[in-house]
């Protein structure tokens, strides 16, 4: 493809400052230059007229579950045969890219190899989808979050890898790294979704978490964890987990420990699933009374306090997470940006910076997530100004163009899902 | 006065060829019948698949109100309710503003702030 210059754009570069008029030249898969209007040499370039709309970095989902099927009960994921599950995951990956997410950081796969396979196919160019960091299934203890076995029923196929004791955990971690995952996920705490106060309990001992961490660190895999409980977060910090999810019940000195590690770790509350379960899941049997029993309203009230303090202390907090349940479906992930604004007090620009600049860091790139010379050309052209209304992303028709790695996934003027192939490069979004 | 109506792209999800047709038909009916400007917002899914044919009324700083199990006869009532919704400061509708037929179809009221109080 010829070099592209996006002209007549308002550029949100990912740093969190207001969009500024400008233009961007993309050569190959990189942003080559960013300049004020009418400054760039147009020789041998195709022009993309942005029509005054906002050009920004592609979005990054920090807690992706692209193997989720909009399920009601976890066991449904286990009941999907592997072959069908690969197809569903491929569709979800494509849906995420259609929705403007040019990168995904997985928070767990439902089956051991599914995400690895999809990631590899995307990287090889055989499937459309975002950049992916593929995760293991959740490694859980007997009785931990994700263990849905029943004593009388030996035939169980779930989403988890059950591992008890340091040796079993080592084997599980080694196996998943052998199969090619980027990140190992461990459920260190329980969750109130399962039973009352389970979210405040740890499911693994120090020795068990240490074993898993030692293996992952030795073999070059990243570590992430489900950790609502204060003690679970402390275990994660002690053993140098890179990503800690939820942190609902932290208190006291844990804030200091997190602050001390702020340059090494990433956090994500995944507040969307709590919100949807509390307010929108009644058709699925989760009434207000059930939600109260789960303490979901208390968790929603607590989240701004916890994450306000974490932000004040300079921790890197990212939006996203746990979309793929029936009442918080796949493809509605951008709603998390609105939650960050309405519940956690972010400005739209701040949450979009978290979803781009911090997302690039989370993905492990030093050249992803900003509109800056030398950075990878993952770009979105958004109708209107998402720094004024972050809800724009909830309707993907507002994504006028999607570029990943310097290639258009959606060209201006083309409907990506129709499969229509443009007969020429559309040079204005007004055509 | 512009009113946002959220329409599901995937409704009914297991519709055997009908997926997405409900929102398209509703959008056409709204355009024909409404005197105020309707701004459709096409979301992937409103999470009410067990009770399909769903829309939500939504606006910044207002409660999102979801209606499920809708039919063609509900369109006029929906427009009337949308007008009331647009005029409220917070999206909460009184009993007088909600026809019983639509009140019975509310499957979610979602706040735009953390709260334990009921709608």
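The values are calculated or read from the model by the stated rules, or taken from the named source; none is laboratory data. Predicted model, so just to flag it, every value in this text is computed and none were measured. Methodologically, a virtual Cβ is constructed for each residue, glycine included, from the backbone with ideal geometry; neighbour enumeration extends over all protein chains shown.
Any residue that is in contact with a helix residue (DSSP H, G or I) (Cβ under 6 Å, 6 or more places away or on another chain) and not in a loop (DSSP other than H, G, I, E, B) - is there at least one of those in segment A:367-381? No, every residue in segment A:367-381 fails to be in contact with a helix residue (DSSP H, G or I) (Cβ under 6 Å, 6 or more places away or on another chain) and not in a loop (DSSP other than H, G, I, E, B).
Scanning segment A:306-334 for residues that are more than 14 Å from chain B (Cβ to nearest Cβ) and in a helix (DSSP H, G or I) yields a count of 4. Taking every residue in segment A:380-391 that is surrounded by fewer than 23 Cβ atoms within 10 Å (Cβ to Cβ) and pairing it with any residue that is assigned to a loop (DSSP other than H, G, I, E, B), at least 6 positions away or on another chain, the pairs with Cβ-Cβ distances below 6 Å are A:383/A:53.
Is it true that some residue in segment A:278-286 is within 28 Å of residue A:236 (Cα to Cα) and either within 11 Å of another protein chain (Cβ to nearest Cβ) or without any contact (Cβ under 8 Å) to a residue 12 or more places away in the chain (or both)? Within segment A:278-286 (the criterion being within 28 Å of residue A:236 (Cα to Cα) and either within 11 Å of another protein chain (Cβ to nearest Cβ) or without any contact (Cβ under 8 Å) to a residue 12 or more places away in the chain (or both)), the answer is yes, since at least one residue qualifies. Going by the conditions given, is residue A:362 away from chain B (no Cβ under 14 Å), in contact (Cβ under 8 Å) with a residue 12 or more places away in the chain and either over 12 Å from the mean Cα position of the chain (by Cα) or surrounded by fewer than 24 Cβ atoms within 10 Å (Cβ to Cβ) (or both)? Answer is no for this residue.
Looking only at residues in segment A:398-420 that are surrounded by fewer than 19 Cβ atoms within 10 Å (Cβ to Cβ) and at pLDDT below 95, the one that is nearest to the other protein chains (Cβ to nearest Cβ) is A:417.
Scanning segment A:34-91 for residues that are under 30 Å from residue A:22 (Cβ atoms) and not in a loop (DSSP other than H, G, I, E, B) yields a total of 14.
Within segment A:40-98, the set of residues being surrounded by fewer than 19 Cβ atoms within 10 Å (Cβ to Cβ), in contact with a strand residue (DSSP E or B) (Cβ under 8 Å, 6 or more places away or on another chain) and more than 29 Å from residue A:408 (Cβ to Cβ) comprises A:71, A:72. Give the residues of segment B:1-19 that are surrounded by 12 or more Cβ atoms within 10 Å (Cβ to Cβ) and either in contact with a strand residue (DSSP E or B) (Cβ under 8 Å, 6 or more places away or on another chain) or modelled with pLDDT of 80 or more (or both), sorted by residue number. Within segment B:1-19, B:3, B:4, B:5, B:6, B:7, B:8, B:9, B:10, B:11, B:12, B:13 meet the criteria. Could you check segment A:105-121 and list, in sequence order, the residues that are over 18 Å from residue A:225 (Cβ atoms), touching a helix residue (DSSP H, G or I) at 6+ places or on another chain (Cβ under 6 Å) and crowded, with 24+ Cβ neighbours inside 10 Å? If the condition is that a residue be over 18 Å from residue A:225 (Cβ atoms), touching a helix residue (DSSP H, G or I) at 6+ places or on another chain (Cβ under 6 Å) and crowded, with 24+ Cβ neighbours inside 10 Å, then A:118 is the only one that fits.
Within segment A:287-305, being without any contact (Cβ under 8 Å) to a residue 24 or more places away in the chain, within 24 Å of the chain's Cα centre (by Cα) and more than 9 Å from every other protein chain (Cβ to nearest Cβ) holds for one residue alone: A:305.
Residues are listed down the side, and each one gets a yes or a no for (1) part of a loop (DSSP other than H, G, I, E, B); (2) outside the structural domain of residue A:403 (by TED's automatic domain parsing); (3) surrounded by fewer than 24 Cβ atoms within 10 Å (Cβ to Cβ); (4) in contact with a strand residue (DSSP E or B) (Cβ under 9 Å, 6 or more places away or on another chain):
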site	(1), (2), (3), (4)
A:123	no, yes, yes, yes
A:128	yes, yes, yes, yes
A:136	no, yes, no, yes
A:144	yes, yes, no, yes
A:148	yes, yes, yes, yes
A:156	yes, yes, yes, yes
A:166	no, yes, yes, no
A:175	no, yes, yes, yes
A:184	no, yes, no, yes
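Please verify whether residue B:45 is at the interface with chain A (Cβ under 9 Å from one of its Cβ atoms) and surrounded by 18 or more Cβ atoms within 10 Å (Cβ to Cβ), treating the condition exactly as stated. Against the criterion (at the interface with chain A (Cβ under 9 Å from one of its Cβ atoms) and surrounded by 18 or more Cβ atoms within 10 Å (Cβ to Cβ)), residue B:45 qualifies.
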